[in-house]
Amino acid sequence: MTPSLAILDFGSQYAQLIARRVREAQVYCELFPWDAPQEKILSIHPKGFILSGGPKSVYEDGAPFIQDFILKSGLPILGICYGMQALTHALGGQVDSSAHREYGPAEIQPLLSTPLLSSLSKVWMSHGDRITKMPEGFVALAKSGNSPFAAMGDFSRKYFGVQFHPEVHHTPNGIELLKHFAIDICEAKPEWTPASIIEDSVARIRQQVGSERVLAAVSGGVDSSVAAALVRKAIGDQLVAVFVDTGLLRKNEGEQVASAFREHLHSELVAVDAAEEFLGALKDVTEPEQKRRIVGEKFIRIFEQQAKQLGQPRFLAQGTIYPDVVESSAPDRNKAERIKTHHNVGGLPEDMKFELVEPLRYLFKDEVRAVGEALGLPESLVWRQPFPGPGLTVRCLGEVTRERVSRLRAADAILIEELSRAGFLGKPGSSSSSTADEQTSNAGQTVVSQAFVVLLPVRSVGVMGDQRTYQEAAAIRAVTTEDFMTADWARLPHDLLAQVANRIVNEVDGINRVVYDITSKPPATIEWE
Ligand code: XMP
């Protein structure tokens, strides 16, 4: 059994981040809502608990609390922010809710020397309430300007509390605290490595599917490719991977995916050329949500036909990843307004009567990438930019015709080629000097997280070789982001932008003007639609 920790989510926006950091320390953990049933939480046999922050005050009606079985388990507990206050409240200490809010960077001063805090001084605070009396058995470990008990511990029970957020980027070395808690205090061995993840998944897949066949819909994205690669490793030729070419892909995308499968996984893809069908269904449609629906439905229809032709395999492999699972079960967090209907190629309807194989269900994106690399998938596939399920329809504003899609594809290929040549694309390095939305390459260069061209249904006048032109405009979108929930526009060098614009206007028929999108997300989104 892989040693693990249970993270209890008290409603913090950072709960997933805690889990990610613990996994980075190579300790397996799962995130549970604070009130999840005991059997569910204990089913992973945790060696300790981490209690997340949360927006409530412990004295509020309906405030989340620590379930009794956790305190009775005798296992170590680390409370972060609200988690620390809940621990204090449960054990007879006092929390003051009239204190001034403390938000932003702070310095902590150690009051006792302990390895838990040894690498920390600057921390990130975000709390209203604070502890005014520690429960019996606790000693103060650190204080800050605003918090007399910025960190506290009861070494005999192995209970600890920190008022700050070790999980966020703005607490340098915060991961060291989580690592020390997980590995030294809870004694969970750091055994969660790509190799162990692969070994574990292979055994599970074999057990689930036996000698049956598994169908996989490969989109060319990271998740569906890594899921298919894992299934392939587990059951070899029992896997049938299908790739639907919608005619809405980027330049050379179909060939790249097929050759990655052939060369690196020694597996053939069943490629289905459905460009005519997709473009036919999209004729005269300009409304973005309608375009998305059409592509989604068409995809399902084509996939159904393929499944039938392949003798209706019993299992379907999907690239569902852990954030998808967490988002649908997190307390109070799945009410977010639907801004766009995200259509994932793997998102097939329930009535398709497949049993699902979801080998990435408990993995974060960075783990999926590490597994992909360990399985031998090429870097170009593993570090691929996200690409929306509905493909270039989303970036071809207005009518989606064959001519306009190829115009967009050609312009996009120029942008990607130039950014790549200038070193702005690819795998980010491990530089810690980068800010939250900015990642750098090993050479210290800012890495653009996503970059593409959008074709606008706007024509304007230009002049080329003494001739008046009246053609379409294209927008360049390039962003830096860590999680795609927020993003900043990339400060690309002007010369590079000029080179891209110049090449697009000269080499792509039908575009005579290029603009650069300088809005962040929010208020804009990354895609235009
Ligand atoms: P927005 O435009 O909402 O996009 O800021 C955030 C990220 O999601 C990608 N995206 C999609 N991915 N299916 C997907 O799998 C979709 O329908 C879809 N729409 C947007 C987008 O490219 C960006 O990375």
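The values are calculated or read from the model by the stated rules, or taken from the named source; none is laboratory data. Source: prediction; values computed, not measured. So basically every Cβ, Gly included, is an ideal-geometry build from the backbone, and we count neighbours across all protein chains shown. To get the accessible areas, we keep the full protein, side chains included, count just its heavy atoms, and leave off ligands, DNA and RNA. Shrake-Rupley method; radii C 1.70, N 1.55, O 1.52, S 1.80 Å.
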Keeping the other protein chains in place, figure out the carbon and sulfur percent of the accessible area of segment 64-135, with a 1.4 Å probe. 52 percent
Which whole-Hz couplings ³J(HN,Hα) result when phi for each residue of segment 464-480 is put into the Karplus expression 6.51 cos²θ - 1.76 cosθ + 1.60, θ = phi - 60°, listed in order with x for Gly and Pro? 9, x, 6, 9, 6, 10, 9, 9, 7, 10, 10, 10, 9, 10, 9, 10, 10
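Calculated from DSSP H runs of 4 or more alone, at -39500 (n - 2.57) each and per residue, what is the 222 nm mean residue ellipticity of the chain, nearest 500?
Values: 15 runs with 161 residues, N = 529.
After summing the helix terms and dividing by residue count, I get -9000 deg cm²/dmol.
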Just how much of Ile526 is accessible, in Å², when a 1.4 Å probe is used and the result is rounded to the nearest 10? 10 Å²
Have a look at Pro33, Phe299, Leu375 and report the one farthest towards the positive end of the charge dipole of the chain, computed about the Cα centre with Cβ charges (Lys/Arg +1, Asp/Glu -1). Leu375
Could you state how much accessible area Val515 has, in square angstrom rounded to the nearest 10, with a 1.4 Å probe and all protein chains kept in place? 60 Å²
For segment 155-184 and segment 226-286, what is the separation of their Cα centres, given in Å? 43 Å
For a quick check: with amide H placed at 1.01 Å from N, whose amide H comes under 5 Å from Gly48's, ignoring anything fewer than 5 positions away on the same chain? Ala6
Considering only DSSP states other than H, G, I, E and B, which GluC sites (Glu not before Pro) in segment 52-127 qualify as loop sites with at most 12 other Cβ atoms within 10 Å? Glu60
Ignoring ligands, DNA and RNA, what percent of the 1.4 Å accessible area of segment 1-58 is carbon and sulfur? 48 percent
Could you pull out every residue, at least 5 positions away or on a different chain, whose amide H is within less than 5 Å of the one on Ser267? Hs are placed 1.01 Å off N in the peptide plane, and Pro or chain starts have none. Arg262
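Averaged per residue, what accessible area in Å² does the chain show with a 1.4 Å probe, protein chains only?
On the way: 24070 Å² over 529 residues.
Normalised by residue count, the accessible surface of the chain is 46 Å².
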Sort Glu507, Glu304 by accessible area with a 1.4 Å probe, largest first. Glu507, Glu304
Percent of beta bridges antiparallel (DSSP, the chain, rounded to nearest 5): 50 percent
Cleavage-rule hits (trypsin sites (Lys or Arg not before Pro)) in segment 74-131: DSSP loop, at most 16 neighbouring Cβ within 10 angstrom: Arg101
Tell me, what is the 1.4 Å probe accessible area of His180, in Å² to the nearest 10? 30 Å²
Calculate the dipole size of the chain relative to its Cα centre from +1 charges on Lys and Arg beta carbons and -1 charges on Asp and Glu beta carbons; express the result in debye to the nearest 20. 100 debye
Please compute the modelled spin-label separation between Thr401 and Gln467, points set 7 Å along Cα→Cβ, answer in nm with one decimal. 1.8 nm
26 Å Cα-Cα threshold exceeded, pairs from Lys40/Lys365; Lys143/Lys189; Lys365/Lys521: Lys143/Lys189
Largest first, what is the accessible-area ranking of Trp489, Trp528 with a 1.4 Å probe? Trp528, Trp489
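When the solvent-accessible surface of protein heavy atoms is calculated with a 1.4 angstrom probe, in what order do Phe484, Phe69 fall, highest first? Write down the numbers at each step before the final one.
Values: Phe484 70, Phe69 30 Å².
Ranked from most to least accessible, the order is Phe484, Phe69.
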The long-range amide H neighbours of Ala317, using H built 1.01 Å from N in the peptide plane and a cut-off of under 5 Å, are Leu215, Ala216, Ala217, Val357
